[in-house]
1. Quick check on residue A:58: is it more than 27 Å from residue B:3 (Cα to Cα) and assigned to a strand (DSSP E or B)?
2. In the range B:1-25, what residues are among the aliphatic types (A, V, I, L, M), at pLDDT 95 or above and in a loop (DSSP other than H, G, I, E, B)?
3. Can you tell me which residue among B:43, B:8 is more than 14 Å from residue A:103 (Cβ to Cβ) and in contact with a strand residue (DSSP E or B) (Cβ under 7 Å, 6 or more places away or on another chain)?
4. When residue A:55 is evaluated against the numbered criteria (1) away from chain B (no Cβ under 11 Å); (2) surrounded by fewer than 17 Cβ atoms within 10 Å (Cβ to Cβ), which criterion, by number, is the only one it fails?
5. Any residue that is at pLDDT below 95 and within 26 Å of residue B:59 (Cβ to Cβ) - is there at least one of those in the range A:9-23?
6. Within the range A:94-112, track down each residue that is part of a strand (DSSP E or B) and modelled with pLDDT of 95 or more.
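The values are calculated or read from the model by the stated rules, or taken from the named source; none is laboratory data. Only a predicted model underlies this, so the values are computations on that prediction, with no experimental measurement involved. FYI the Cβ positions are ideal-geometry reconstructions off the backbone, even for glycines, and counts take in every protein chain you see.
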Amino acid sequence: AQKITQTQPGMFVQEKEAVTLDCTYDTSDPSYGLFWYKQPSSGEMIFLIYQGSYDQQNATEGRYSLNFQKARKSANLVISASQLGDSAMYFCAMREALHYGQNFVFGPGTRLSVLP
Amino acid sequence: EAGVAQSPRYKIIEKRQSVAFWCNPISGHATLYWYQQILGQGPKLLIQFQNNGVVDDSQLPKDRFSAERLKGVDSTLKIQPAKLEDSAVYLCASSLRQALNTEAFFGQGTRLTVV
């Protein structure tokens with residue numbers, strides 16, 4: 001079974017508008033961490049934001065925020081005021097405490113295109 | 001602070017040949033990962049090291065792939081013999097420790113084409 005699901009293969013957004021990228025996850029572990037990474041066409045993976053399963057508040061980092069709905073097992077990334085440089089692949093990833101080694105599991109990704 | 005270094009950046013080989021990739025993680029990072037990213041897909045973990053010990057290699061095709069991390073620093077990933085379906089980007093990542101809130105830092109990857 002897929003641990004991480006990203007149902008939007010591609011998304012378009014107008015420059016300066018906000019966009020939400022969906023991520024749902026599957027775990028029976030009460031303790032886990034959720035991450036979002038950006039991968040531009042150059043190929044490097046860039047860490048954006050982290051949310052812990054016990055965090056009471058939604059994480060925010062500059063223009064990035066995470067809409068964490070624990071009961072629904074969703075961790076959607078919200079990018080406010082989109083910029084042309086935000087065009088990239090976006091990956092949701094999870095670490096589980098009980099999984100030996102706590103390795104990162106990635107979703108299939110969403111390609112975001114920002115239109116001028 | 002220097003990032004994760006990988007070499008080579010690109011490699012083209014014929015099927016049944018062998019190939020090796022090298023990774024130098026960020027200094028002091030105990031955890032090292034090798035991922036395979038096929039075009040259009042998310043990264044798939046191949047192997048995870050904690051210092052010089054293997055933590056998880058459950059998805060490593062051990063009949064053809066091998067990896068080592070000597071002295072708990074640099075790591076090499078080898079494929080022998082290569083198949084067409086091994087064409088992918090091989091990403092190395094490192095993190096300071098195994099902890100839920102610790103992000104992994106990635107290298108730029110090695111793009112392998114098997115012809």
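1. So residue A:58 fails the test.
2. Scanning the range B:1-25 gives a single hit, B:4.
3. B:8
4. It fails just one condition, (1).
5. Within the range A:9-23, one or more residues are at pLDDT below 95 and within 26 Å of residue B:59 (Cβ to Cβ).
6. Listed by number, the residues that qualify are A:110, A:111, A:112.
Rundown of residues vs (1) at the interface with chain B (Cβ under 9 Å from one of its Cβ atoms); (2) within 11 Å of the chain's Cα centre (by Cα); (3) on the phi < 0 side of the Ramachandran plot, yes/no style:
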site: A:18; (1), (2), (3): no, no, yes
site: A:43; (1), (2), (3): yes, no, no
site: A:67; (1), (2), (3): no, yes, yes
site: A:75; (1), (2), (3): no, yes, yes
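Residue-wise test of (1) within 11 Å of chain A (Cβ to nearest Cβ); (2) under 28 Å from residue A:8 (Cα atoms); (3) in contact with a Phe, Trp or Tyr (Cβ under 9 Å, 6 or more places away or on another chain).
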{"site": "B:5", "(1), (2), (3)": "no, no, yes"}
{"site": "B:15", "(1), (2), (3)": "no, no, no"}
{"site": "B:42", "(1), (2), (3)": "yes, yes, yes"}
{"site": "B:52", "(1), (2), (3)": "no, no, no"}
{"site": "B:80", "(1), (2), (3)": "no, no, yes"}
{"site": "B:83", "(1), (2), (3)": "no, no, no"}
{"site": "B:93", "(1), (2), (3)": "yes, yes, yes"}
{"site": "B:97", "(1), (2), (3)": "yes, no, no"}
{"site": "B:111", "(1), (2), (3)": "yes, yes, yes"}
